[in-house]
1. Can you name the residue in region B:49-73 that is over 11 Å from B:Gly194 (Cβ atoms) and touching a helix residue (DSSP H, G or I) at 6+ places or on another chain (Cβ under 8 Å) and, of all such residues, is surrounded by the most Cβ atoms within 10 Å (Cβ to Cβ)?
2. Check off (1) under 22 Å from B:Met461 (Cα atoms); (2) touching a residue at least 40 places away in the same chain (Cβ under 8 Å) for B:Leu59 and give me the number that stays unchecked.
3. Quick test of your reading of the structure: B:Leu530 fulfils all but one of (1) part of a loop (DSSP other than H, G, I, E, B); (2) surrounded by fewer than 24 Cβ atoms within 10 Å (Cβ to Cβ). Name the failing condition by number.
4. Within region B:28-40, is even one residue under 30 Å from A:Ser284 (Cβ atoms), in contact (Cβ under 8 Å) with a residue 12 or more places away in the chain and part of a loop (DSSP other than H, G, I, E, B)?
5. Of the residues B:Glu499, B:Glu525, only one is in the same structural domain as B:Leu389 (by TED's automatic domain parsing) and of a type in the set (Asp, Glu); which?
6. Return the residues of region B:390-411 that are in contact with a strand residue (DSSP E or B) (Cβ under 7 Å, 6 or more places away or on another chain), hydrophobic (A, V, I, L, M, F, W, C) and crowded, with 21+ Cβ neighbours inside 10 Å; say none if nothing qualifies.
7. Could you identify the single residue in B:Gly265, B:Gly330, B:Gly258, B:Gly296 that is away from chain A (no Cβ under 14 Å), over 24 Å from B:Asp529 (Cα atoms), surrounded by 24 or more Cβ atoms within 10 Å (Cβ to Cβ) and small (Gly, Ala, Ser)?
8. Using beta carbons and a limit of 8 Å, which pairs, at least six apart or on different chains, have the first residue in region B:138-151 and touching a residue at least 40 places away in the same chain (Cβ under 8 Å) and at the interface with another protein chain (Cβ under 9 Å from one of its Cβ atoms) and the second one surrounded by fewer than 18 Cβ atoms within 10 Å (Cβ to Cβ) and outside any loop (DSSP other than H, G, I, E, B)?
Amino acid sequence: MNVNYMVSLIAVIVLFLLAYVGVKVPGGQVLFGAVIPYLAVITFIVGVIYRVIDWGHSPVPFRIPSTCGQQKSLPWVKSASLDNPATTGGVIVRMILEILLFRSLFRNTKCELKEGDKLSYEWEKWLWLGALAFHWSFATVLIRHLRLFLEPVPACLQFLEKIDGFLQVGLPGVLLSGVVLLAAVTYLLLRRIFIPQVRYISLASDFFPLFLIFGVAFTGILMRYFSKVDVVGAKEIAIGLATFHPSLPESVGGLFYVHLFFVSVLLAYFPFSKLMHMAGIFFSPTRNLPGNSRAVRHINPWNYPVAVHTYEEYEDEFREKMIEAGLPVEKEIVAESTESAESTGESEEKE
Amino acid sequence: MPDDLAKPNELLSKIDYKPSKTGWMDTLTEIRTGMYCYASNPKSVEYLGLPHARGWNPLDEDWKLPENWKEIIHNGLREQLDRFRSFKVFMDICVRCGACADKCHFFIGTGDPKNMPVLRAELLRSVYRNDFTTAGKILGKMVGARELTFDVLKEWWYYFFQCTECRRCSIFCPYGIDTAEITIMARELLNLLGLNIDWIATPVANCYRTGNHLGIQPHAYIDMMDFFADDIEEITGIKVEPSFNKKGADILFITPSGDVFADPGTYTAMGYMMLFHYLKEKYGFDITWSTYASEGGNFGFFTSHETMKRLNAKMYAEAKRLGVKWILGGECGHMWRVINQYMDTMNGPADFMEEPVSPITGTKFENAKSTKMVHIAEFTADLIKHGKLDLDVSRNDHLKVTYHDSCNTARGMGILHEPRYVIKNICNNFFEMPANTIREMTFCCGSGSGLNAGEDMELRMVGGLARANAVKYVHEKHGVNMLACICAIDRAALPPLMEYWVPDVDVTGLHEMVGNALNLPGQKERTTDLRSEPLPGMEEEDNAE
C-alpha cells in the first residue's frame with residue numbers, strides 16, 4: 001500500500017462526496033453549479049498567465065538546445081534540420097512535432113541487463129502511445145464539449161462528433177474519445193502503481209490529477225450512457241455560465257454536479273501543479289532555440305565582467321622561463337621594473 | 001586501478017534496478033568510498049577567490065559549513081531562478097513520467113534510484129518547492145517538498161557529483177528537461193559553500209595561473225612539444241617545428257592540455273603537429289600554439305558559470321593579442337560545449353577576427369562565422385573532401401576501429417558526421433556500435449564533468465559500463481581493437497575503462513590516426529605507427545627483434 005496514491009484516491013473520493021451531497025443542501029446548487037466553476041475558471045486563467053509571465057521574467061542567458069542530430073556545418077554534410085535545427089523554421093517544426101506528436105518520448109527505450117552482463121535497449125512505445133492517446137482523446141473530449149456552450153452547434157463540431165462516433169454502436173452512440181480517455185488514464189495510473197521505479201518517483205501530486213481525470217471521464221461516461229443525464233438541462237447550465245446568466249434546472253442530477261466539480265477542481269489545481277507542463281513545453285530552452293550559436297551571437301542580458309588572469313600577469317610570472325625557452329615576450333626583463341605598474345589589476349570584460 | 005576495486009563480475013552482480021522499500025526522502029545518503037571524489041584543496045579554492053575555502057572531509061560529520069549556509073543556498077537558488085529560465089521551467093514542469101530513468105549511465109551501472117535523472121533533479125526540486133512554491137509551503141511532502149537539512153545537502157553533494165552532465169536523459173525527455181542544467185546549478189550552489197571537489201578545483205586554479213589544467217608552465221610545455229617532435233622525427237625522418245605565441249600567425253590552435261601530457265592523448269598531439277607541418281610545407285599554412293591559452297578544456301564549467309567565463313576568456317584574449325584571423329580547436333568534449341554554447345555569449349563578440357575560411361580549400365565555415373572558432377574534425381574533413389591530404393590508409397590497417405561520440409560534442413553541439421567521415425577516409429576497418437549507444441544516444445565514458453579522479457574508480461567503472469558494454473559487443477562481433485574519440489577526457493578515462501571491462505581494446509584520438517596515415521613530404525619509409533609500434537607487414541627488414 002502506497003501512501004501517495006491512497007491519499008490521492010481518498011482526496012478524490014472526498015471531492016466526489018462533497019459535490020454529491022453538497023448539491024442537496026440549500027444553496028448547494030448555486031455553489032457547485034455557478035460559484036465554484038467561476039472561481040475555478042478565474043483561478044485557471046489568472047494562474048496560468050501569472051506562471052507564464054513569471055517564467056518569462058527570467059531571461060534565457062545561453063543558447064543550450066539539446067542537439068539530437070548532426071549540426072549544420074559543411075555544405076556537403078547533411079544536417080538534421082529537425083533534431084538540430086539551425087533556423088527558426090526548423091525550430092518551429094521541431095516544436096510542433098514535440099507538442100503534437102511527443103517526438104522525444106517516441107525515442108524511449110527500455111534498458112535491460114541480460115544474461116548478467118549484456119545491456120540491451122529496446123524501443124519502448126507504450127508510454128508514448130499511452131501519453132498520445134491520453135492527450136489527444138482529452139483534447140477531443142474537451143472540444144466536443146463546446147457543443148454545450150454553442151447554439152447552434154457549428155458544423156465542424158458536428159463533423160468531429162461524427163468521426164468520434166464512427167463505430168456507430170449503442171444508443172446514444174459510443175464516442176471513442178471518452179472511452180480512450182478512460183482507458184489511457186487508467187493505463188497511466190496503473191504504470192505508476194505497478195512499475196517499481198515509476199512508483200518510487202511518484203508523488204501524491206502525480207496520482208491526484210490522474211484520479212481526478214479518471215473521475216471526470218468516469219462521471220461523464222456514466223451520465224451519457226447509463227444515468228442518461230438531461231442533456232437539454234446540462235446545456236442550459238453551460239450556456240447560462242458562458243453568458244453570465246447562470247440557470248440551474250432541477251432536472252440535472254447530482255452526477256452532473258460531481259462532474260462539473262471535478263472539472264472545476266482540475267482547473268483550479270492546474271496552475272499550481274505539474275500540469276503547467278502544457279505551457280512549459282513552449283518555454284523549454286533545450287528545444288525552442290536553434291543550434292546556431294557559433295553562427296549567430298546569443299546575447300545574455302546579465303553578462304557581467306569577471307576577474308581574469310591576463311596575459312600580462314601570466315608573462316610577469318613566467319617571463320624568465322619563457323625567454324629561456326625561446327618564447328617571444330611582450331616586455332624584456334630590463335623593462336620589467338619600470339613598467340610593472342601597467343600590468344596590474346584585473347581586466348574588464350571586453351566589449 | 002586501485003587494489004580494493006571489485007572485479008567486473010562482482011560489480012555486475014551488484015546491479016539491482018529494484019528501488020528500496022523506504023521512500024527516497026526517507027533514505028539517508030551514505031557517502032561510500034570509491035564513489036566520491038576528495039574535497040578540494042583549500043589553496044586552489046583560495047587562489048581563485050571562490051567562497052569559503054577550507055579543509056574539509058566529506059566523510060566527516062562536520063563539513064565546517066558557514067553559519068548561515070541555509071540562507072546562502074536559499075539566496076543562491078533565488079538568484080539562479082531569476083537568471084535562468086531553463087532552471088525555473090525545469091523546476092516546475094517535470095511530470096515524473098520516468099522516461100529518463102534508465103537512460104542514465106550511472107543508473108544503468110548502479111541501479112541506485114537516486115541516479116535516475118528524474119530523482120536527481122527532485123533532490124533539488126524538493127527544496128525549491130519548499131522554499132519557493134505555494135503548494136510546497138502548504139502541502140509539504142504530499143507535493144514533494146522538503147526542507148533543506150544537512151542530510152539533504154550531503155545527498156546533493158554526493159549525487160550531483162555522480163552526474164557527468166552528459167545530457168543523455170534530456171533527449172528522451174518530452175519537455176527537454178536537461179539534468180545537466182540542473183546539475184550545473186546544483187554544483188554552483190554547492191560551490192557557494194566551498195563544497196568543491198579537488199579534481200575540479202585544482203585544475204581550475206592551475207588553468208587560471210598557468211593557462212592549462214595540468215599546471216604546465218610555458219617552458220615545460222615547449223619541452224614536451226620538443227619531445228613529440230623528436231618522436232615524430234624518429235618515426236618519419238621529418239623534423240616538425242611548431243610555432244608558439246607567434247604574433248601575426250593566421251590561425252591560433254587551442255587544444256586540451258591533456259593531449260600534451262598523457263598517453264594516448266600525446267599521440268593525438270603528434271597527429272596535430274604532423275598535420276600542421278604538412279599543411280605548412282604544402283600550402284604555407286601558418287598556425288601557432290599558445291602557452292597562455294594552452295587549455296581547450298574548461299573545468300570552470302563544472303564549477304560555476306562565472307568560473308567558466310573566467311577561464312574561457314583566455315581564448316579570445318590570446319587571439320586578439322596575437323592578431324590571428326580565427327581559432328582552430330582541437331579534439332575535446334566539454335571544451336566544445338563551452339565554445340558552442342557559451343563562449344561567444346560570455347566573452348564575445350569576436351569582432352577582431354575574420355569569418356573563418358580555410359586557406360587551403362577556400363571553404364567558408366559559415367557555421368562558425370560568429371565565434372570564429374572551427375572544430376578540427378570539420379577542418380580535416382574539409383581537407384579530405386577536397387583531396388588536400390596525401391594519405392596512406394594502409395598504415396591504419398592493423399586497427400579495427402569503432403567510434404565513441406563524446407556526449408558534449410554529440411548532444412551539446414551535434415558534430416557526428418565529420419569525425420566519421422575522417423575515420424572512413426583514413427582507415428579501412430570501421431564498425432559502428434549499436435544504434436542506441438552512438439550519435440545523439442551515445443553513452444558517457446562515465447568520468448566526464450571533472451569526475452575522472454583516481455579515488456572514485458568504482459563510480460567511473462559502473463558509470464562507464466554502458467559504454468564499455470557496447471564496445472564489447474563490437475569487439476566480440478567484429479574484432480574491434482581500437483576505440484576512437486574526439487575528447488581528451490575520453491582519452492584519459494576510456495583506457496582504464498577498457499582495461500577493466502574490455503581489456504583488448506585500446507583508445508585513440510582521431511588525429512592520431514590521421515597522423516598514422518598522413519604522408520609527410522620527404523619522409524623516410526614508415527615502419528611504425530605514432531606509438532612507435534611496428535606496423536604489421538611494414539617492419540624494417542633488417543631489424544628482426
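The values are calculated or read from the model by the stated rules, or taken from the named source; none is laboratory data. Computed from a predicted structure; not experimentally measured. Neighbour counts are summed over all protein chains in view; Cβ atoms, including those assigned to glycine, are modelled from backbone coordinates with ideal geometry.
1. So the first thing to find is which residues in region B:49-73 are over 11 Å from B:Gly194 (Cβ atoms), and the list is B:49, B:57-62, B:67-68, B:70-71, B:73.
Right, trim to touching a helix residue (DSSP H, G or I) at 6+ places or on another chain (Cβ under 8 Å) and you get B:58, B:73.
Details: B:Pro58: 16, B:Ile73: 21.
By that ranking, first place goes to B:Ile73.
2. (2)
3. If we test B:Leu530 against (1) part of a loop (DSSP other than H, G, I, E, B); (2) surrounded by fewer than 24 Cβ atoms within 10 Å (Cβ to Cβ), just (2) comes out false.
4. The first filter runs over region B:28-40 and keeps only residues under 30 Å from A:Ser284 (Cβ atoms), leaving B:29.
This time we only want the ones that are in contact (Cβ under 8 Å) with a residue 12 or more places away in the chain, so: B:29.
Adding the requirement that they be part of a loop (DSSP other than H, G, I, E, B) leaves B:29.
Scanning region B:28-40, I find at least one residue that is under 30 Å from A:Ser284 (Cβ atoms), in contact (Cβ under 8 Å) with a residue 12 or more places away in the chain and part of a loop (DSSP other than H, G, I, E, B), so the answer is yes.
5. Details: B:Glu525 fails: in the same structural domain as B:Leu389 (by TED's automatic domain parsing).
Answer to the check: B:Glu499.
6. Within region B:390-411, B:Leu399, B:Val401 qualify.
7. Values: B:Gly265 fails: over 24 Å from B:Asp529 (Cα atoms); B:Gly330 fails: over 24 Å from B:Asp529 (Cα atoms); B:Gly258 fails: over 24 Å from B:Asp529 (Cα atoms).
Testing whether each residue is away from chain A (no Cβ under 14 Å), over 24 Å from B:Asp529 (Cα atoms), surrounded by 24 or more Cβ atoms within 10 Å (Cβ to Cβ) and small (Gly, Ala, Ser) leaves just B:Gly296.
8. B:Lys141/B:Met25
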